[in-house]
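Here's the structure we're looking at; comments come further down.
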Amino acid sequence: MTSSYVSLEDQEEYKMMGTVVFSSEEEGYKFYLDYAKGKGFSVRKNNLKRKDGEIIWRQFVCSCEGYRELKHFERTERKREPRALTHCGCLAKLEIERNEEKGVWFVKEFDNQHTHELANPDHVAFLGVHRVMSDSKKAQAVELRMSGLRPFQVMEVMENNHDELDEVGFVMKDLYNFFTRYEMKNIKGHDAEDVLKYLTRKQEEDAEFFFKYTTDEEGRLRNVFWADAESRLDYAAFGGVVIFDSTYRVNKYNLPFIPFIGVNHHRSTTIFGCGILSNESVNSYCWLLETFLEAMRQVHPKSLITDGDLAMAKAISKVMPGAYHRLCTWHIEENMSRHLRKPKLDELRKLIYESMDEEEFERRWADFKENGGTGNEQWIALMYRLREKWAAAYTDGKYLLGMRSNQRSESLNSKLHTLLKRNMSLMCLVKHVKLCIQGLRKKEAQLDAKSTNSVPFCRIDADPLEKDAARIYTAVVFKKVRAQIRLIAGLEVISGTNQDGSSLYVVGLKDDNEVWDEVRVSFKGQALEGVECHCRKMECEDIPCSHIFVVVKFLGFDTIPRCCVVDRWTMGAKAAFRSDRNADPNVWSEHMVRYRSLRNLGSDAFFEAARNPEQTEKAMDFLKGILDKGSSSDENIVAGDFGPMPTHFLSSNQPLEKRVLDPEEIRAKGAPSKRRRPFHETLHTNNQ
C-alpha cells in the first residue's frame, strides 16, 4: 500500500534502478517482467514517445494501474457477464529513455508503490502477462492434438512433464485460445477453397485419388465427396457390405459428414470414402450415392446398413435398387427403450433377433400388438412397415457378413470424437479424418504383419480341417471358422442321394435327427466344385457352416476345398491390388523438420546426460547458451510452422475453375452435440 516510509530494501531497489542500462526497449521490458514476477505483480506496456518515427521513451506500469471507465458501469444491456475488476489506480511503474549519444536505454523514473496486495509466489505464474506459451510448447501441443488427444489431455501431458504446475507457463484457457487462433489463422475466409485446393493437389499427386463437388447458385460449396486410392482398392476387395452413417455433425456449418464404412479381412473397420452434404434431402443423398458409385467404377454393394434416415432410404432404392437395405439394430435398440417397457421390450427383441419364418413373425407381431402396452403407436406402425429391414425373419439369408448394426460406425465415431469438434472448419475436418484413416490403416498393417509371420495355435490333436483353416484365414476370422469346425463333433450325415449331377446330403444332430439341414455338393472330376447349404451361412457370411464341414469330412477331405474359401477373409484379399498404406505422409515446414529431428535425438541424449551430474550441468549450460542468443517471436512463425500445414495444404498446380465460397456458418446453441438423432427418435420425413 502507499506510504511515506521507504524501507532499506526499497532504497536499494531505487539505487539499483539508477544504475541499470539496456540495449533496447524490449530488453528493458523483459527486465521489468522478471522484476515483477519476483515481486508478485503483472505489468503492461503503457505510454510512449517517438522521434523521427522511432521510440525514444517508454512507460511500463503495473497491470492494476488506472480505473475502469465509468461508462462500463452505466451499461444496462449486457450479453455476457462483465469481467472482474482488476484496475485499482496502482502507482507502480518503470519509465525508460534512450540516450541517443550512447545508444543505450536508462531508467528515467521508477516507482514501486502498489495500491494492492502483491500475489503469493505460487500465484504469480497465473497472472496474465506471466502466462506465456513458448513456440516449443505450441509445437508440442499441435503434435499431441494431431495424435488424437483432446485439449484437456494435452494440458495434462504438459503438466506431467513438469515438477510444479506453475512451471508449465500457461493455463487451460491459454491452450484453448491458442488452438482457436491457430486454426483461424490457417483458414480464415477461404475454408471451402482450401479444402478443394487440397483435394485437387492430392489428385495431381495420384491419378487414382477421386473427388467431386458441387456449388449452389451463390457459388457456395454445397456437396463434396472424396476417396483416395487405398480406399478405392479396399472397396474393390471388401465392398460387399457398406455401412452408411449420416448422423455426424462435426463442423461449424452443421453439415452432415458421412463416411462410407466397411469391414476388411481382419474384421476391422476400413473407410471407402467420405462425403459432406449441404442438407439431407433425397436429391443430396442421390448425388452422394451416384458419386460414390462413380468413384467405385459403378460396382454396387450387395447390402447397406444405415441409421434409417427416410430420405436416405429413398435415395438408396433409387440409385442402388439391387442392394439390400438393413436398418441398424443399435439405433433401434436405442429408441426401443424410449417407447417400450418390459415385458414388451423383450418381446420386440425376440422379433428382431430370433430366427423364424415370415408366417410365424406375422403371428407373433399380431400377438405383440394385441396384448397392448406398445407405447407410441406411430413408431410401432413405422417399425412394422420397415420390418423387412430389421426382423430376423426377413434379414436371415441376406449378405451382411454377420453384421446387424453400424456399430463399426459407432466405433469409428468414438475415435473421431477425440479428434473432431462441432465448431471446426472443413479443412480441419478433412485433415483430422485423414489422421483417423491413417490410424485404421496402421492397425491393418500391424494385423497383416502378424498374420503373415505367424499361424494361430492349434492343438496337436486338432482336426486337420482346423489346422488347414489356421493357414488360410486371418487370425480373427480363423476363430469363427474354428468354431464351425468344432461343431462337427455333434453332427452327422444322415443320408446322401444323387440329384441332377450333384449330391444332396442331409446333416443332423447326432442325438436329434429331427433337426437337420441339407447340403448340396457338385464335383468336377475328383475335385469339389461347389457347395451349398440350406442354412445359407456361406452365402451370408462368406464362411463355411458346420454342416458343410461335416460333409467335407464325410467325403474324406483333410483340407478345406477351394470352393469353400472366399478370399475376402484371407491374406490374399488384396493380393491382386497394389496397396500403399503410407502414400499420404504429413508434410512439415523446414523449421519443424529440424525441430523434430533435434527433439527426437535430444530425448535420448538428455536421458544419457542425466545419468551423470557433470554431463547434466554441461548439457544445461549448452542449452541455456542457445536460449540466451534469443528466439523467434510469434510474428516470425508462419501459419503452418507448428504443424503439417504449409504449401501441401494451401496450393495446387491447377487453379479452381471459379471461386468457391464457404457454406453458411451456423452457430449452434447449447451443449455440444456431434451426432444428429436418427429417424427412430425424430420420425422426421425429408422431402426433395
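The values are calculated or read from the model by the stated rules, or taken from the named source; none is laboratory data. Quantities reported herein were computed from a predicted structural model and do not represent experimental measurements. All Cβ positions, glycine included, derive from the backbone under ideal geometry; neighbour counts span all protein chains shown.
Go through (1) within 30 Å of Lys434 (Cβ to Cβ); (2) touching a residue at least 24 places away in the same chain (Cβ under 8 Å) one by one and return the number of the condition Leu127 breaks. Failed condition: (1).
A count restricted to segment 608-624 and to residues that are at pLDDT 90 or above and either closer than 20 Å to Gln140 by Cα or not in a helix (DSSP H, G or I) (or both) stands at 3.
Ser405 fulfils the conditions (1) at pLDDT 95 or above; (2) not in a helix (DSSP H, G or I) except for a single criterion, (1). Asn335 meets all of the listed conditions (1) modelled with pLDDT of 85 or more; (2) surrounded by 19 or more Cβ atoms within 10 Å (Cβ to Cβ) but one, namely (1). The residues in segment 321-332 that are surrounded by fewer than 20 Cβ atoms within 10 Å (Cβ to Cβ), within 11 Å of Asp307 (Cβ to Cβ) and not hydrophobic (A, V, I, L, M, F, W, C) can be counted, and the count is 0. Can you say whether Val171 is modelled with pLDDT of 85 or more, hydrophobic (A, V, I, L, M, F, W, C) and touching a Leu at 6+ places or on another chain (Cβ under 8 Å), as far as the supplied structure shows? It is false that Val171 is modelled with pLDDT of 85 or more, hydrophobic (A, V, I, L, M, F, W, C) and touching a Leu at 6+ places or on another chain (Cβ under 8 Å). Kindly establish whether Glu377 is within 41 Å of the chain's Cα centre (by Cα) and over 25 Å from Leu304 (Cβ atoms). Yes: the conditions hold for Glu377.
Within segment 91-139, the residues that satisfy the criterion of being crowded, with 18+ Cβ neighbours inside 10 Å, of a type in the set (A, V, I, L, M, F, W, C) and within 18 Å of Met17 (Cα to Cα) are Ala92, Leu94, Ile96, Trp105, Val107, Phe110. Checked against the criterion of being under 27 Å from His339 (Cα atoms) and either at pLDDT 90 or above or not charged (D, E, K, R) (or both), the candidates Thr395, Thr418, Thr452 yield just one match: Thr395.
Within segment 199-214, identify whether any single residue is closer than 24 Å to Ser405 by Cβ, assigned to a helix (DSSP H, G or I) and under 20 Å from the mean Cα position of the chain (by Cα), and answer yes or no. Taking every residue of segment 199-214 in turn, none turns out to be closer than 24 Å to Ser405 by Cβ, assigned to a helix (DSSP H, G or I) and under 20 Å from the mean Cα position of the chain (by Cα).
To keep it simple, each residue is scored yes or no on (1) in a helix (DSSP H, G or I); (2) surrounded by 19 or more Cβ atoms within 10 Å (Cβ to Cβ).
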site: Ala469; (1), (2): yes, yes
site: Val476; (1), (2): yes, no
site: Lys479; (1), (2): yes, no
site: Val493; (1), (2): no, no
site: Val506; (1), (2): no, no
site: Ser522; (1), (2): no, no
site: Phe549; (1), (2): yes, yes
site: Gly556; (1), (2): no, no
site: Lys574; (1), (2): no, yes
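All of Glu290, Glu294 fail the test of being in contact (Cβ under 8 Å) with a residue 40 or more places away in the chain, of a type in the set (D, E, K, R) and within 30 Å of Cys436 (Cα to Cα), apart from Glu294.
Condition first: polar (S, T, N, Q) and farther than 21 Å from Gly556 by Cβ. Now tell me which residues in segment 471-498 satisfy that. Thr474, the sole residue that qualifies. Within segment 299-315, the only residue that satisfies the criterion of being surrounded by fewer than 20 Cβ atoms within 10 Å (Cβ to Cβ) and under 18 Å from Ile332 (Cα atoms) is Leu310. Of Leu340, Leu293, Leu310, all but one fail to be under 22 Å from Phe225 (Cβ atoms), at pLDDT below 90 and of a type in the set (A, V, I, L, M); the exception is Leu310. Of all residues in segment 207-233, those that are of a type in the set (Gly, Ala, Ser) and under 18 Å from Lys574 (Cβ atoms) total 3.
Tally up the residues in segment 280-298 that are surrounded by 23 or more Cβ atoms within 10 Å (Cβ to Cβ) and among the acidic types (Asp, Glu), please. Count: 0. Considered as a group, the residues in segment 215-232 that are outside any helix (DSSP H, G or I) and small (Gly, Ala, Ser) include one that is modelled with the lowest pLDDT, and that residue is Gly219. Only one of the listed residues (Lys314, Lys318) is of a type in the set (Lys, Arg) and closer than 30 Å to Glu665 by Cα. That residue is Lys314.
Of all residues in segment 61-113, those being modelled with pLDDT of 85 or more and in contact with a helix residue (DSSP H, G or I) (Cβ under 8 Å, 6 or more places away or on another chain) number 9. Applying the set (1) under 26 Å from Phe22 (Cβ atoms); (2) in contact with a Leu (Cβ under 9 Å, 6 or more places away or on another chain); (3) not charged (D, E, K, R) to Met155 leaves exactly one unmet item: (1).
Scan segment 342-360 and give yes if some residue there is buried (at least 21 other Cβ atoms within 10 Å of the Cβ), touching a helix residue (DSSP H, G or I) at 6+ places or on another chain (Cβ under 8 Å) and not in a helix (DSSP H, G or I), otherwise no. No, segment 342-360 contains no residue that is buried (at least 21 other Cβ atoms within 10 Å of the Cβ), touching a helix residue (DSSP H, G or I) at 6+ places or on another chain (Cβ under 8 Å) and not in a helix (DSSP H, G or I). Would you call Glu492 more than 11 Å from Ile548 (Cβ to Cβ), free of Cβ contacts under 8 Å to residues at least 60 places away in the same chain and among the charged types (D, E, K, R)? Yes; evaluated as a whole, the condition is true for this residue.
Against the test of being under 29 Å from Ile352 (Cα atoms), in a strand (DSSP E or B) and not assigned by TED's automatic domain parsing to the domain that holds Glu541, the options Ile258, Ile316 yield a single qualifying residue, Ile258.
Scanning segment 200-220 for residues that are within 18 Å of Met296 (Cα to Cα) and either loosely packed, with under 15 Cβ neighbours inside 10 Å or touching a helix residue (DSSP H, G or I) at 6+ places or on another chain (Cβ under 8 Å) (or both) yields Asp206, Ala207, Glu208, Phe209, Phe210, Phe211, Lys212, Tyr213.
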